[in-house]
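Some notes on the structure that comes next.
The values are calculated or read from the model by the stated rules, or taken from the named source; none is laboratory data. Everything numeric in this text was worked out from a predicted model, so none of it was measured. Reconstructed Cβ throughout: ideal geometry from the backbone, glycine too, with neighbour counts over all protein chains shown.
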Amino acid sequence: MARQIDKVEHEGKIVEISERFISVEIINKSACAACHAKGVCAASDEKIKFIEVPLSIDTLAEEYSVGDTVNVVMKGSLGLKAIWLAYAVPLIVLMASILVFSLFHLHEALVGLLSVGVVAAYYIVLFFFRNRLSKIFTFYIQPIK
């Protein structure tokens, strides 16, 4: 039986508090980023990302200040939904478009280009719906005790 992921957490530091958002800086590290040899190894990877957490009843600005260390949390089910939207659906669209364009007996290179174009159109549609998606994929923060 598959185990359901309750939530996805990342530790971060509050860098800004505005009227609508709390901005949290998180550092994404690869598995080897904490290694003692990362300075001489080209495989280590560390990226700084900024997450804007909307202010709500759960995240009141009065409870936090700049410099606080917090956990940025997202529901696990939303993470799976994001994976579907970003990876699974485009793969299905790509495979379906290859099959459909192949039925028209087009040249293979043209089939490939058209299929990639359809996937690009899918990502453009996602881009135009980013405001609606940002309301679905919301984060909240919890203080680290």
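A few remarks follow.
Listed here are the residues, each with its yes/no results for (1) of a type outside the set (A, V, I, L, M); (2) at pLDDT 95 or above; (3) within 29 Å of SER23 (Cα to Cα).
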residue: HIS105; (1), (2), (3): yes, no, no
residue: GLY117; (1), (2), (3): yes, yes, no
residue: ALA120; (1), (2), (3): no, yes, no
residue: TYR123; (1), (2), (3): yes, yes, yes
residue: ILE136; (1), (2), (3): no, no, yes
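- Single match in VAL15, VAL93 (criterion: modelled with pLDDT of 80 or more, farther than 30 Å from ILE124 by Cα and of a type in the set (A, V, I, L, M, F, W, C)): VAL15
- Which listed residue, of THR69, THR59, is surrounded by 13 or more Cβ atoms within 10 Å (Cβ to Cβ), modelled with pLDDT under 95 and more than 19 Å from the chain's Cα centre (by Cα): THR59
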